[in-house]
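Engineer: Take a look at this one; I'll ask things after.
Laboratory data are not the source of any read-out in this text; all were calculated from the coordinates shown. Note that the coordinates shown come from a computational prediction; the quantities given were computed from them, not determined experimentally. Here the Cβ positions follow ideal geometry from the backbone for every residue, glycine too, while neighbour counts run over all protein chains shown.
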Amino acid sequence: MIINQDTCIGCGQCVQYCPVRAITMTDQSFALIAFDDCVECGVCLRNSDCPTDSIEQNDCPWPRSIRVNFSNPLAEHKETRIPGRGTEEMKTNDVTGRFKNGEVGIAFEVGRPGIGARLFEVEKLTVAMARLGIRLEPNNPLTHLIVDEDKGLLNPEVLNEKVLSAIVEFTVPINRTEEVLISAKEIASTMGTVFSVDLICKVEPDGSVPVVPFINNMGIPLSENGKNNLGLGKPLFMEEV
Ligand code: SF4
Ligand code: SF4
């Protein structure tokens, strides 16, 4: 994103909207966007109601286009044809049945508004998971940036790109939960940004959540949440019970 300095009147209205504080006011009394810090989320353009229409979308050729794909919720990834950072199935498991009995879906959500994430930080997690022999979810946009599955390496052209957040997403047998979390915890101390961990599994008929004992064993505080998209569709899968 850029600001037309010929028309900006320096009202400062746009500054507060930037989630990564990339917009500042200059001594010359116009607003300026730090180009390398901007994640191309489009929030300033959509929301700040600039009185002079001075906020303009610049061209974002590859690899800067990655910023738009991962940061602007209205952008559609050309690889997956869906907007957003992850896959739709994470929230619609009742229909798609991706996460089966005995499995846990794991997502590392790297970066957040306020800090964002460079993709070289995200790569630390993809490399760590590759060392455990884990393959990432094929329909996740981040997975399409992997150039070496065995080593978990991302395309070197995108490593310095900054995004609002990206999701490392995969499924493993539930008894591998602790192994994955121990590895992620080791990586956390090397990260220059934040990440949260999502664990997705089917709830047992008695209402218990099979992944919880693994988390409790590790002494990790747990926030138990559910997203139920009931009534949105008929199951597309049949699972043996
Ligand atoms: S809202 Fe528009 S006029 Fe005001 S500082 Fe931002 S770009 Fe300039
Ligand atoms: S596009 Fe997003 S990151 Fe870039 S200046 Fe605007 S609000 Fe900030």
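Engineer: Per-residue HN-Hα couplings for the range 139-148, Karplus 6.51 cos²θ - 1.76 cosθ + 1.60 at θ = phi - 60°, whole Hz, x for Gly and Pro?
Structural biologist: 8, 7, x, 5, 4, 5, 8, 6, 10, 9
Engineer: Given +1 on the Cβ of Lys and Arg, -1 on the Cβ of Asp and Glu, and no further charges, what dipole in debye does the chain carry about its Cα centre, rounded to the nearest 20?
Structural biologist: Here the size comes out at about 180 debye.
Engineer: Can I ask one more? Listed highest first by mean packing, meaning other Cβ atoms within 10 Å per residue, what order do 100-106, 180-186, 164-170 come in?
Structural biologist: On the way: 100-106: 18.0, 180-186: 15.3, 164-170: 24.9.
Answer by packing, highest mean first, reads 164-170, 100-106, 180-186.
Engineer: Given PRO141, LEU199, THR177, which one lies farthest toward the positive end of the charge dipole of the range 77-217, if we put +1 on the Cβ of every Lys and Arg and -1 on the Cβ of every Asp and Glu?
Structural biologist: In the range 77-217, that residue is PRO141.
Engineer: Rounded to the nearest 20 Debye, what is the dipole magnitude of the range 119-176 about its Cα centre when Lys and Arg each give +1 and Asp and Glu each give -1 at the C-beta? Don't jump to the answer; show the numbers that get you there.
Structural biologist: Numbers: 6 positive and 9 negative charges, 49 e Å.
Around 240 debye, computed over the range 119-176.
Engineer: On a full-extension model of 0.36 nm per residue, what is the gain between LEU32 and PHE120, subtracting their alpha-carbon distance, rounded to one decimal in nm? Provide the component values of the computation, followed by the final result.
Structural biologist: On the way: separation 88, 0.36 × 88 = 31.68 nm, distance 2.61 nm.
Result: 29.1 nm gained on full extension.
Engineer: Place the peptides 109-115, 68-74 in order of packing, highest mean first, counting for every residue the other Cβ atoms within 10 Å and averaging per peptide.
Structural biologist: 68-74, 109-115
Engineer: In addition: What number comes out for the charge environment of PHE35, summing +1 per Lys or Arg and -1 per Asp or Glu over other residues with Cβ under 15 Å away?
Structural biologist: Neighbourhood net charge equals -1.
Engineer: Between VAL147 and ASN58, what is the label-point separation in nm under the 7 Å Cα-to-beta-carbon projection?
Structural biologist: 2.4
Engineer: Okay, next question. Taking 0.36 nm per residue of sequence separation and subtracting the Cα-Cα distance, how much length would be gained by fully extending the chain between VAL209 and VAL197, in nm to one decimal?
Structural biologist: Contour length minus Cα-Cα distance gives 2.7 nm.
Engineer: Angle between the Cα long axis of helix 119-131 and the longest principal axis of the chain, 0 to 90 degrees, nearest 10?
Structural biologist: Approximately 20 degrees, to the nearest ten.
Engineer: Continuing with the same structure: Ordered by packing density, taken as the mean number of other Cβ atoms within 10 Å over each peptide's residues, highest first, how do 142-152, 200-210, 2-12 rank?
Structural biologist: The most tightly packed comes first, giving 142-152, 2-12, 200-210.
Engineer: Is the shape of the range 77-217 rounded, prolate or oblate, going by the alpha carbon gyration tensor and its root eigenvalues a ≥ b ≥ c, with a/c under 1.5 for rounded and a/b larger than b/c for prolate?
Structural biologist: Taking the square roots of the gyration eigenvalues as a ≥ b ≥ c, the range 77-217 is prolate.
Engineer: Work out the charge dipole of the range 1-58 with +1 on the Cβ of Lys and Arg and -1 on the Cβ of Asp and Glu about the Cα centre, then indicate which of THR7, VAL39, PRO19 is farthest towards its positive end.
Structural biologist: Farthest towards the positive end: PRO19.
Engineer: Using the Karplus curve 6.51 cos²θ - 1.76 cosθ + 1.60 with θ = phi - 60°, what ³J(HN,Hα) values do you get for each residue of the range 204-214, in whole Hz, with x for Gly and Pro?
Structural biologist: Taking θ as phi minus 60°, the curve returns 5, x, 7, x, 6, 10, x, 7, 4, x, 5 Hz for the range 204-214.
Engineer: Okay, next question. Can you give me the Kirkwood hydrodynamic radius for the chain, using every pair of distinct Cα atoms, in Å to one decimal?
Structural biologist: 19.7
Engineer: Now a separate question. Could you calculate the contour length gain from GLU178 to THR96, that is, 0.36 nm times the residue separation minus the distance between their Cα atoms, to one decimal place in nm?
Structural biologist: Length gained, GLU178 through THR96: 26.9 nm.
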